[in-house]
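Data block below; observations after.
The values are calculated or read from the model by the stated rules, or taken from the named source; none is laboratory data. The shown structure was predicted, so the numbers you read here are calculated from the model rather than taken from an experiment. Ideal geometry is used to build each Cβ from the backbone, glycine not excepted, and the neighbour counts take in all protein chains shown. Surface accessibility is based on the protein's heavy atoms, side chains included, excluding ligands, DNA and RNA. Shrake-Rupley method; radii C 1.70, N 1.55, O 1.52, S 1.80 Å.
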Amino acid sequence: SCCISGCGDGGEAVLKRRSDLEQLGRAYVAYHDEHGVPPAGPDELLQQLMTMDDQSDRVISAINALEEGDITMVWSGKLGDASTAGMYVIGFEAGVPAHGGYVVMDDASVMVLKRGEFREDSLLPTSG
């Protein structure tokens, strides 16, 4: 039997991680759409999350993942127009740089990057 988190392609832990990233990605893009700039930090993103989703257990899970450092987001990123949507990573699981794993792109889609596929130039450029 397999006891390592993330092995295989299913399971509740994997679905939770994907859901957390999707929630955070949707909130990031929605914040940008509403304010014309991306969130500068976790407080702005969490505020956006609380206003946009009625599925509170999913929102709480995403907030916990962010606050506990399980997910890293790119703050003050420069979101482009529709022609660049889906090209840049705006958030990722903590282990992704070393081991690969789930990331959320700038169009709020969630995908897997294998070890070695994650690079600094994959991250959304920042304005700071």
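Highest GNM mean-square fluctuation among Asp20, Asp57, Asp106, for the chain modelled with Cα contacts below 10 Å: Asp57. Applying the criteria of a DSSP loop state and at most 14 other Cβ atoms within 10 Å to the GluC sites (Glu not before Pro) of region 25-68 yields Glu68.
According to the calculation over all Cα-Cα pairs in region 22-77, the P(r) per 5 Å bin from zero is 4, 22, 36, 24, 12, 2 %. Each Cα pair of region 5-128 feeds into the Kirkwood radius, which the Stokes-Einstein equation turns, at 4 °C and 1.567 mPa s, into a diffusion coefficient of 90 µm²/s. Computed over the chain with a Gaussian network model linking Cα atoms closer than 10 Å, the most mobile of Ser109, Ser83, Ser19 is Ser83.
In this structure Phe92 has an accessible area near 20 Å², from a 1.4 Å probe over the protein heavy atoms.
Summarising the label geometry, the points placed 7 Å from Cα in the beta-carbon direction at Leu15 and Gln47 lie 3.4 nm from one another. Identify which of Gly100, Gly11, Gly36 has the largest mean-square fluctuation in a Gaussian network model of the chain, with springs joining Cα atoms closer than 10 Å. Fluctuation is largest for Gly11. Remark: spin-label model distance Val37-Met87 equals 2.3 nm, labels positioned 7 Å along the Cα→Cβ axis. Heavy-atom accessible area, probed at 1.4 angstrom with all protein chains present, ranks His32, His99 as His99, His32, highest first.
Overall, the chain carries a charge dipole of about 400 debye about its Cα centre when +1 sits on the Cβ of Lys and Arg and -1 on the Cβ of Asp and Glu, all other atoms neutral.
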